[in-house]
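Some notes on the structure that comes next.
The values are calculated or read from the model by the stated rules, or taken from the named source; none is laboratory data. All of these numbers come straight from a predicted model, not from anything done at the bench. Here the Cβ positions follow ideal geometry from the backbone for every residue, glycine too, while neighbour counts run over all protein chains shown.
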Amino acid sequence: MTNGAPIDLTPGALTEPLSGRHWDAGAVARETGRRAAGYGRQGVAAGDRVFLLHGNRLEFFADLLAVWSLGACAIPIDARLTPFEVATLARAATPRFALIDGGLDASIPGALANAGAAPLEANDLDAGPGPSPPFPVGRPDLDDDALILFTSGTTGQPKGVVHTHRSLRARWADLRASLDLRPFRRTLCLLPTHFGHGLICNCLYPWLSGCHLLLLPPFQADLIMQLGRIVDEHRVTFMSSVPSIWHLALKMAQPPRQESLERVICGSAPLSAQLWGRIQEWSGTRDVLNAYGITETASWVAGTTVPAMVPEDGLIGVGWGADVRILRSSATAAAPDEEGEAGRGEIGYVWLRTRALMRGYLDRDDLTAAVVRDGWLSTSDLGFVDERGYLFLTGREREEINRGGLKIYPGDVDAVAERHDAVVDVCAFAFEHPTSGQELGIALVMSRSDPGSLRALYDLMAAHLAPHQLPQRWFLVDAIPRSSRGKVNRRTVADACARTTPVNLRDLLHRR
């Protein structure tokens, strides 16, 4: 684990490819200073918590810096949430203010006000006497809270991850030490800016290192279908992504022709070797990295910056300014030690130690103590370290399927199914069974679903999976449901499939 000093930050330019709006670094500084002065006059002060409800826009980034320069803590919120969900988060975080810049449900400002958060419109800011000061207006203390990112609970009990300025700067410093900045000079973001991957690493890491950041609305199918053209027109050199983007892009988008892409990172879920290779072919670069990170570690904490990298199912690689251990237990009752460490190639629980670790969960010391012990984070991810010292991920603890006492990792099943050229997207999941406890189902999005293709897929899976890993129920679906972060909830997929009719596998195979 590295121990370098926190870095200085220099914002770069911002562009919205769809609208054509552009701020150079000077315009960013002027707009940030104007907003900081105006919000300061409205009462935003050090220690306040402030909602930001307009991500993936130029104004969002000026507001973020303005909030930080006033010593306040920013809480990015998904603007697509309902008024009820926004109010639920507001009651949990108790923000004093909410910054709004158009495009919201008309009832959300009222819901915020009822929850105690005063809505502020940037366009209504009083210019005040004299010119606005340039950014930075002030320099917050490194141990002040900088970001609160909610990972769950918009309708129930929210769980907010709190990062300080110190932990964020540590993340960016460690990335600079691990990843050459040159490929990031024209970075495209089409991920949401209300969670760690999209905001901390895809956007703020390159942008606050002086790189040019290009912003698109997140997860819009019509834009992903134009991805190759957008990359070419704006000479994009880097983009980050999640597997769900690639499942659509590889199916619908023409690849770029100008060969500007130098690096692609994919995160949020382990890549299969099959999908990995297809991304390399589409993007025109071999520099496609599989990154591992969670919100609690300020996102990217490890990745495939390894010599002569060849795609393998679930391969992550090495820590980026982090120590990685695989232990046989995920419990934090005792500190991690070598006696509990899994052997090379043995699947266990992934533990991480990084100076970019969160301060903790917002007002939930109990939840924090359940995952953090002596600076180590118990992630609940399952994986192993091979004989080369490379980390592989196999799934999540809660995703592990127990079929009559035999363990199944659904990610392994997904990776094999993806090898078939007709499989566009896939998700294996558990369903309850009266005798074995759990059985395995699979949802498939296929470009061809004729009996011959389905039999060929079955043969492929039977050749590469143990008999107990073969799915017993197959469902052909139009799309795999995903969250606003592009992640799959296997329970949600199982519930959706339970309302549909599965493929008659016995009849299909009998007709062979």
Output the number of residues of region 309-335 satisfying the condition of being touching a strand residue (DSSP E or B) at 6+ places or on another chain (Cβ under 7 Å), more than 24 Å from residue 412 (Cα to Cα) and in a loop (DSSP other than H, G, I, E, B). 4
Can you run down the residue pairs with Cβ atoms below 7 Å, 6 or more apart or on separate chains, where the first is in region 85-99 and polar (S, T, N, Q) and the partner is surrounded by fewer than 23 Cβ atoms within 10 Å (Cβ to Cβ)? 88/154; 88/155; 88/158; 94/49; 94/116
Residue 64 being within 19 Å of residue 13 (Cα to Cα) and buried (at least 22 other Cβ atoms within 10 Å of the Cβ): yes
Do any residues in region 468-490 that are farther than 21 Å from residue 409 by Cβ and assigned by TED's automatic domain parsing to the domain that holds residue 270 have Cβ atoms under 7 Å from those of residues that are hydroxyl-bearing (Ser, Thr, Tyr) and loosely packed, with under 15 Cβ neighbours inside 10 Å, where the two are at least six apart or on different chains, and which pairs are they? none
Considering only residues that are within 15 Å of residue 208 (Cβ to Cβ) and surrounded by 22 or more Cβ atoms within 10 Å (Cβ to Cβ), look in region 176-188 and name the one that is nearest to the chain's Cα centre (by Cα). 187
The one condition in (1) over 18 Å from residue 242 (Cβ atoms); (2) in the same structural domain as residue 57 (by TED's automatic domain parsing) that residue 209 fails to fulfil: (2)
Please state which of the following conditions residue 135 fails to meet, knowing it meets all the rest: (1) surrounded by 20 or more Cβ atoms within 10 Å (Cβ to Cβ); (2) of a type outside the set (Ser, Thr, Tyr); (3) at pLDDT 90 or above. (3)
Within region 54-72, does at least one residue satisfy the condition of being more than 25 Å from residue 19 (Cα to Cα) and out of contact with any helix residue (DSSP H, G or I) (no Cβ under 8 Å at 6 or more places or on another chain)? yes
The condition of being farther than 30 Å from residue 22 by Cα and not assigned by TED's automatic domain parsing to the domain that holds residue 191 holds, among 96, 80, only for 96
Looking only at region 348-400, and only at residues there that are of a type in the set (A, V, I, L, M) and in a loop (DSSP other than H, G, I, E, B), the one that is nearest to residue 320 (Cα to Cα): 356
So which pairs qualify, if the first residue must be in region 248-261 and under 11 Å from residue 283 (Cβ atoms), the second must be acidic (Asp, Glu) and part of a helix (DSSP H, G or I), the Cβ gap must be under 6 Å, and the two must be at least 6 apart or on different chains? 256/232
Being at pLDDT below 90, among the charged types (D, E, K, R), under 18 Å from residue 250 (Cβ atoms) and not assigned by TED's automatic domain parsing to the domain that holds residue 312 is the requirement here; does residue 418 meet it? yes
I need the full set of residues from region 292-314 which are of a type in the set (A, V, I, L, M), at pLDDT 95 or above and at negative phi, in order please. 301, 302
Any idea which of (1) part of a loop (DSSP other than H, G, I, E, B); (2) crowded, with 18+ Cβ neighbours inside 10 Å; (3) in contact with a Gly (Cβ under 7 Å, 6 or more places away or on another chain) is the one residue 306 doesn't satisfy? (2)
Among the residues of region 419-465, write down those that are of a type in the set (Val, Ile, Thr) and buried (at least 16 other Cβ atoms within 10 Å of the Cβ). 423, 424, 426, 442, 445
Being in contact (Cβ under 8 Å) with a residue 40 or more places away in the chain and either surrounded by fewer than 16 Cβ atoms within 10 Å (Cβ to Cβ) or of a type in the set (S, T, N, Q) (or both) is the filter here; which residues of region 491-501 pass it? 491, 498
